[in-house]
1. Filter region 10-22 for residues that are in contact with a Phe, Trp or Tyr (Cβ under 9 Å, 6 or more places away or on another chain), assigned to a helix (DSSP H, G or I) and not aliphatic (A, V, I, L, M) and give the result.
2. Scan the strands (runs of 3 or more DSSP E) fully inside region 23-90 and keep the ones with 2 or more residues being among the charged types (D, E, K, R) and surrounded by 12 or more Cβ atoms within 10 Å (Cβ to Cβ).
3. Determine whether A53 is more than 16 Å from Y87 (Cα to Cα), of a type in the set (A, V, I, L, M, F, W, C) and out of contact with any strand residue (DSSP E or B) (no Cβ under 9 Å at 6 or more places or on another chain).
Amino acid sequence: MKEIISNLKRKELKKKSYLLKPIIMIGQNGLTDAVINEIDIALNAHELIKVRAKGSDKDERTGQCLKIKEKLNADIIHRIGFITVLYRPAAKTS
């Protein structure tokens, strides 16, 4: 079951994200399976990442964000313009 992020945690993550550079670019071909796979790899490695969506309108970017959220079980921490900040906690190993 997915854990809900508190407002305090969300604020903290948003603050951390200011220093990050976008590491994934969604280009002309849109949100392909390859791009989703790269986002998954980046979330596994970093937990908190920035994604830049180029050349799409606001509604399309919103749809892309929701698709990423659903497919990868990630939280959208912040969105502004073409930039989206995503967070997914690392899997706990026992």
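Values quoted throughout were computed directly from the atomic coordinates according to the rules given, and no laboratory measurement underlies them. For clarity, every value in this text was computed on a predicted model and none was experimentally measured. A quick note on method: Cβ atoms are made from the backbone with ideal geometry, for glycine too, and the neighbour counts reach across all protein chains shown.
1. Start the filter on region 10-22 by keeping residues that are in contact with a Phe, Trp or Tyr (Cβ under 9 Å, 6 or more places away or on another chain), which leaves 10, 13, 17, 22.
So of that shortlist, the ones also assigned to a helix (DSSP H, G or I) come out as 10, 13, 17.
If the condition is that a residue be in contact with a Phe, Trp or Tyr (Cβ under 9 Å, 6 or more places away or on another chain), assigned to a helix (DSSP H, G or I) and not aliphatic (A, V, I, L, M), then R10, S17 are the ones that fit.
2. Numbers: elements: 48-53, 75-80, 83-87.
Answer list for region 23-90: 48-53, 75-80.
3. Values: more than 16 Å from Y87 (Cα to Cα): yes; of a type in the set (A, V, I, L, M, F, W, C): yes; out of contact with any strand residue (DSSP E or B) (no Cβ under 9 Å at 6 or more places or on another chain): no.
Spelling it out, it is not the case that A53 is more than 16 Å from Y87 (Cα to Cα), of a type in the set (A, V, I, L, M, F, W, C) and out of contact with any strand residue (DSSP E or B) (no Cβ under 9 Å at 6 or more places or on another chain).
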